[in-house]
């Protein structure tokens, strides 16, 4: 059967069919774009199912599956926390989604304008664009690695043939400076360029409406992508019983929290309970200000569509996370167990860490290679698919590739569109070129989206591995997220506090991450350092980052000028006024002509602004926690099968 770049003609036929369908959907959406609200908020016309798949698709990128499989390879079952860190935040989506929808905003920058002032809206616009660039870069990095692996490394061969040199930027930890240079184009970067062309084309045409409609199709494919490999990977090792029958090929591979001893052997920080708590708090602080979340909560007909989609779309993602994790566990057993491994023996030994049951006593062996282990982990999902799926049926690799493209494109197009909206609405139209036509601003938004993607392509070259990319994603939004959470509950948080809190948090992150030698000189801080005092533990980076942001903001709020009372009154009236289906507002963050009666406050205090919760609020919140418990129990149960 003929092949090109490691895939058969049947695989390519599946991929081309998917691309044709997505292109047609993008063209249909383009015809519906008449103004800025259509482009950046999809006309607020979507129901519960579309909003659920939009939340799932926009928030689920293939690099997340790659990161979980990568984390599982490196930390065992504890690798699930690289996505389960958002599990504990999910019930709060049910409560916060209606509040964001009641803002009647086009972008999250509109929120900061209405709650604080123009300066904070501009600050968020800059941060929001940086967030989107970071998210797109991380998604492309992980997906490119996987696509390259799906071709069996053929893209690496193509890159060597092309001999193209690209610029490179690196941080030199020893010299404490950025260094620039050039290097050869990598195979995975060819995949990145191909993916980029695809999602930019239909995203620039149809805006958020195109993203939502295509995310319905792409959401179904992403679910396929999540579960397609799992049954066949389990079959390679004899099912769930086989996972345990071969013993712990890696020490602690079935522990939900990684042990200190195993982490030391592998040169990593353990995924402890404290680490998970700090990951989760940082994720909750940042999720509400991720640029696409205003669209996820605001593009529905009413606030119920937003809260339903935001909450249950993300629960679909949590279920997919379980599939990704057990795919990774099956790969550990298959690739490292001597009797069934398809790897060359020398490579298998270099990937087998100390203390593994796969080591044969007395036999000569090659030492564990940490660099090879990291590279292998990044490409694991794609490698396993390339090794397994052609044996099952023709076209399955193409289906997985199409599903992977769906996952990354559904996330990247949403990030591109919302960040271009931030630039167009809150920087270009406000400060640079006001008073132009809707058509003019639509084209500026499209061009801005393209420039944002170009910057993301540059940023992805700085990532060292998939887990590093995910750690950057988690921390990036949380600094300014502090001001959204406190700002919707307390009138006393001031515009200056937004600036100081955000900047102090980012400076703290930069200081402890890039200058660990300075931190290590303080004896009282040695508990937060790794054993060799070479870096600050990631969990304590989160502690320093969040605590300095909150404390500095509180201090500044007590001594700086508040937002004017009239503006605060209007803002909190917005947050307590339910959305009616079909209502029309004259401008972002404005009430309709005939608004619904405002909801009462939970606490009768002039500075505390928490809406009183009704049965729908509390019932959905409780149900969400029940689902969280069930997901954790199912994970435990599956991990114990066969024991």
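Which one is surrounded by the fewest Cβ atoms within 10 Å (Cβ to Cβ), of the residues in the range 391-438 that are on the phi < 0 side of the Ramachandran plot and touching a strand residue (DSSP E or B) at 6+ places or on another chain (Cβ under 8 Å)?
394
Looking at this structure, is residue 612 surrounded by fewer than 12 Cβ atoms within 10 Å (Cβ to Cβ) and touching a strand residue (DSSP E or B) at 6+ places or on another chain (Cβ under 7 Å)?
yes
Search the range 508-522 for residues being closer than 14 Å to residue 549 by Cβ and in contact with a helix residue (DSSP H, G or I) (Cβ under 8 Å, 6 or more places away or on another chain), and hand back the single one that is surrounded by the most Cβ atoms within 10 Å (Cβ to Cβ).
In this case the residue turns out to be 512.
Give, as residue ranges, the helices (runs of 4 or more DSSP H) completely inside the range 280-381 that count at least 1 residues that are surrounded by fewer than 24 Cβ atoms within 10 Å (Cβ to Cβ) and in contact (Cβ under 8 Å) with a residue 40 or more places away in the chain. Break it down into steps so the answer makes sense when it comes.
Numbers: elements: 293-298, 303-336, 345-351, 370-378.
It comes to 303-336, 370-378.
Of these, 175, 159, which one is at pLDDT below 80 and either surrounded by 19 or more Cβ atoms within 10 Å (Cβ to Cβ) or farther than 17 Å from residue 380 by Cα (or both)? Break it down stepwise before answering.
Working: 159 fails: at pLDDT below 80.
Only one candidate passes the filter, namely 175.
For residue 133, indicate whether it is under 30 Å from residue 431 (Cα atoms), in contact (Cβ under 8 Å) with a residue 12 or more places away in the chain and either part of a helix (DSSP H, G or I) or within 15 Å of the chain's Cα centre (by Cα) (or both).
Numbers: under 30 Å from residue 431 (Cα atoms): yes; in contact (Cβ under 8 Å) with a residue 12 or more places away in the chain: yes; either part of a helix (DSSP H, G or I) or within 15 Å of the chain's Cα centre (by Cα) (or both): yes.
Yes, satisfied.
In this structure, does residue 191 turn out to be at pLDDT below 75 and surrounded by 14 or more Cβ atoms within 10 Å (Cβ to Cβ)? Give the steps one after another, and end with the answer.
Values: at pLDDT below 75: no; surrounded by 14 or more Cβ atoms within 10 Å (Cβ to Cβ): yes.
Judged against the criteria, residue 191 is not a match.
Those residues that are modelled with pLDDT of 80 or more and either within 28 Å of residue 271 (Cβ to Cβ) or touching a strand residue (DSSP E or B) at 6+ places or on another chain (Cβ under 7 Å) (or both), I need them from the range 457-475; list them, please.
Quick first cut of the range 457-475, residues modelled with pLDDT of 80 or more only: 457-460.
Once the filter is applied, which keeps residues that are modelled with pLDDT of 80 or more and either within 28 Å of residue 271 (Cβ to Cβ) or touching a strand residue (DSSP E or B) at 6+ places or on another chain (Cβ under 7 Å) (or both), the range 457-475 yields 459, 460.
Name, by its number, the condition in (1) closer than 17 Å to residue 120 by Cα; (2) surrounded by fewer than 19 Cβ atoms within 10 Å (Cβ to Cβ); (3) in contact with a helix residue (DSSP H, G or I) (Cβ under 6 Å, 6 or more places away or on another chain) that does not hold for residue 490.
Among (1) closer than 17 Å to residue 120 by Cα; (2) surrounded by fewer than 19 Cβ atoms within 10 Å (Cβ to Cβ); (3) in contact with a helix residue (DSSP H, G or I) (Cβ under 6 Å, 6 or more places away or on another chain), residue 490 violates only (3).
Taking only the range 353-378 into account, find how many residues are closer than 17 Å to residue 334 by Cα, within 30 Å of the chain's Cα centre (by Cα) and modelled with pLDDT under 85.
Total meeting the criteria: 2.
Within the range 623-634, does at least one residue satisfy the condition of being crowded, with 17+ Cβ neighbours inside 10 Å and closer than 29 Å to residue 109 by Cα?
Yes.
Scan the range 525-577 for residues that are in contact (Cβ under 8 Å) with a residue 40 or more places away in the chain and either in a loop (DSSP other than H, G, I, E, B) or touching a strand residue (DSSP E or B) at 6+ places or on another chain (Cβ under 6 Å) (or both) and jot them down.
Within the range 525-577, 530, 531, 537, 560, 561, 562, 563, 576, 577 qualify.
Against the condition at pLDDT below 90, surrounded by fewer than 17 Cβ atoms within 10 Å (Cβ to Cβ) and in a helix (DSSP H, G or I), how does residue 637 come out, does it pass? I'd like the intermediate steps shown before the answer.
Values: at pLDDT below 90: yes; surrounded by fewer than 17 Cβ atoms within 10 Å (Cβ to Cβ): yes; in a helix (DSSP H, G or I): yes.
Yes; evaluated as a whole, the condition is true for this residue.
Given the condition buried (at least 18 other Cβ atoms within 10 Å of the Cβ), modelled with pLDDT of 85 or more and not in a helix (DSSP H, G or I), answer yes or no: does some residue in the range 56-74 qualify?
no
I need the full set of residues from the range 599-615 which are in a loop (DSSP other than H, G, I, E, B) and under 20 Å from residue 580 (Cα atoms), in order please. Can you show your working first?
Looking only at the range 599-615, we keep the residues that are in a loop (DSSP other than H, G, I, E, B), and these are 599-600, 602-607, 609-610, 612-614.
Within the range 599-615, 599, 600, 612, 613, 614 meet the criteria.
The values are calculated or read from the model by the stated rules, or taken from the named source; none is laboratory data. Every value quoted in this text rests on a predicted model; they were computed, and no experiment measured them. Don't worry about glycine lacking a Cβ; one is built from the backbone with ideal geometry, like all the others, and counts go over all protein chains shown.
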